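The values are calculated or read from the model by the stated rules, or taken from the named source; none is laboratory data. Everything numeric in this text was worked out from a predicted model, so none of it was measured. FYI the Cβ positions are ideal-geometry reconstructions off the backbone, even for glycines, and counts take in every protein chain you see.
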């Protein structure tokens, strides 16, 4: 039984005081200042006056920025969907693997521990114009060019490298690459908790694997799947590094706009409004997830 | 489990023994490991253009290890990670202890507030720290090392100590409260009880939390990007400025060193935790991207 804080005030204050102080002073206060700035205006070069204006928010929902919001949400949703499609079979295979193999299979997710920047950089080296994919394709092309005249075809022209980097494709690929482990681990822990006899019963009673999957596994593991979706969606929505390094001029996401307001455009109030809008979107996503899993829990006794 | 391993055709739930899934797993492994492995292999390649294999060399390691600014950045990163880990573990353990032991008004609110640094998008936290250190607590310029890293260390602690608190709290759920009462009955003071009974029970979680905090700090780019100045560059920030312009073998070599460091840390974590599934599960909490 937990003790009431009044029974040992000194211990309570001693244990809770420092972390509480840190949380308030070095986290909540900075956020509160940004929140206050979002209702302010630039006054002079470095000063910001708190005028209580909503003009920053009005600017943020102008078509130009609204488009970026929608695009970011769409990119994050697509990333989440692809991670789910790619990750679900992986989680399924790991769940039903023999215990000894399980540990090794979970190591598939080891790249997740390496630095995000290093992983993005590794992907750049693969995708760029002189990257490994284009070099291999060019080499194949040359080989085919050697064979083509022999079998009576026109000689092939010069190889034009594919433009794989600095576009929306690279951003999505990069986001999936970076976030796949975020999806697989919660999926695995959800599937691992399933009662296997239910699956066996379904298969025994004549349902196929696909039907068992959609009608038994998915409903039972719904909460876990939703938490995987959320854990992938939130960081993908706020991604900064991936669109910055892999994207082109038209693949900016919200985070890139925010960064520009603070570091280059020097319009802090507008950047503050944008970052709070991003934060609200995140909270909405969390609330929707909580709602969905609660409703799902009600459906199942 | 053991009766599943036999030569008969795959049982109904032995998904791993179906070739479709094996192919899928192999493709995913290539997708995840391919880029990293090629990065590591080509860091030994004796060619500046770094595409076609020309022969083995350690030159780029020599260049990376003698590159003063890169090594300073690496040292900064390790220092920041070490200091912020120590403070994060202390704060996280204290928060977990208070939340585990007491009921008090506003506990739910505190629980939620403690989860905030974990769910708030990194970019929002980054700009908050930028504004904070620009307007409220301007960190003096030109302090001697390592004091000049203070602003970065403070922001790293802010996002990593809640992770430690979660890990430690999960561990405390398995603690038998009667042990604490027994210690007190036998005359131990509050402090002795914490030191000799509670902390030993916490230890595995403290180690796991420390490794988590260390990795998070070493890994962080976005928040550091907003708090670092020209003389407080960390390894990710330095690599970022190098990568923006070109892909060079020195960066490959430096990245390989960092990958090795993380792999070693992870191996230590797995060893200490025993069950890798559990360790992996701990980090399934929304980690900073």
Original post:
Can you name every residue in the stretch B:86-114 that is without any contact (Cβ under 8 Å) to a residue 12 or more places away in the chain, facing chain A (nearest Cβ under 7 Å) and within 22 Å of residue A:30 (Cα to Cα)?
Top reply: B:113
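Against the condition buried (at least 19 other Cβ atoms within 10 Å of the Cβ) and either farther than 27 Å from residue B:263 by Cα or within 15 Å of the chain's Cα centre (by Cα) (or both), how does residue B:182 come out, does it pass?
Answer is no for this residue.
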Subject >> Sole residue being in a helix (DSSP H, G or I) and out of contact with any helix residue (DSSP H, G or I) (no Cβ under 6 Å at 6 or more places or on another chain), chosen from B:79, B:85 >> reply: B:79
Original post:
Which one of these is at pLDDT below 85 and either under 30 Å from residue A:119 (Cα atoms) or buried (at least 21 other Cβ atoms within 10 Å of the Cβ) (or both): A:238, A:206, A:224, A:228?
Top reply: A:224
**OP:** Might you let me know whether the stretch A:78-95 holds any residue that is surrounded by 22 or more Cβ atoms within 10 Å (Cβ to Cβ), outside any loop (DSSP other than H, G, I, E, B), in contact with a helix residue (DSSP H, G or I) (Cβ under 7 Å, 6 or more places away or on another chain) and without any contact (Cβ under 8 Å) to a residue 60 or more places away in the chain?
**Re:** yes
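Quick one: is residue A:111 surrounded by 14 or more Cβ atoms within 10 Å (Cβ to Cβ), modelled with pLDDT under 75 and either touching a helix residue (DSSP H, G or I) at 6+ places or on another chain (Cβ under 7 Å) or within 14 Å of chain B (Cβ to nearest Cβ) (or both)?
Yes.
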**OP:** Output the number of residues of the stretch A:31-60 satisfying the condition of being under 26 Å from residue A:241 (Cβ atoms) and assigned to a loop (DSSP other than H, G, I, E, B).
**Re:** 1
Subject >> Selection count where residues are over 15 Å from residue B:194 (Cα atoms) and either touching a strand residue (DSSP E or B) at 6+ places or on another chain (Cβ under 9 Å) or within 12 Å of chain A (Cβ to nearest Cβ) (or both), scope the stretch B:154-172 >> reply: 11
**OP:** Out of A:178, A:171, report the one residue that is touching a helix residue (DSSP H, G or I) at 6+ places or on another chain (Cβ under 7 Å), modelled with pLDDT of 85 or more and within 9 Å of chain B (Cβ to nearest Cβ).
**Re:** A:178
Original post:
Could you say which residue among B:16, B:37, B:78, B:25 is surrounded by fewer than 21 Cβ atoms within 10 Å (Cβ to Cβ), under 31 Å from the mean Cα position of the chain (by Cα) and at pLDDT below 85?
Top reply: B:16
Original post:
Which one of these does residue A:104 not meet: (1) within 7 Å of chain B (Cβ to nearest Cβ); (2) at pLDDT below 80; (3) part of a helix (DSSP H, G or I)?
Top reply: (1)
Subject >> Spans of helices (runs of 4 or more DSSP H) in the stretch A:214-301 with at least 1 residues within 14 Å of chain B (Cβ to nearest Cβ) and farther than 22 Å from residue A:84 by Cβ >> reply: A:241-246, A:254-263, A:268-299
**OP:** Check whether at least one residue in the stretch A:55-77 is under 24 Å from residue A:217 (Cβ atoms) and out of contact with any strand residue (DSSP E or B) (no Cβ under 8 Å at 6 or more places or on another chain), and report yes or no.
**Re:** yes
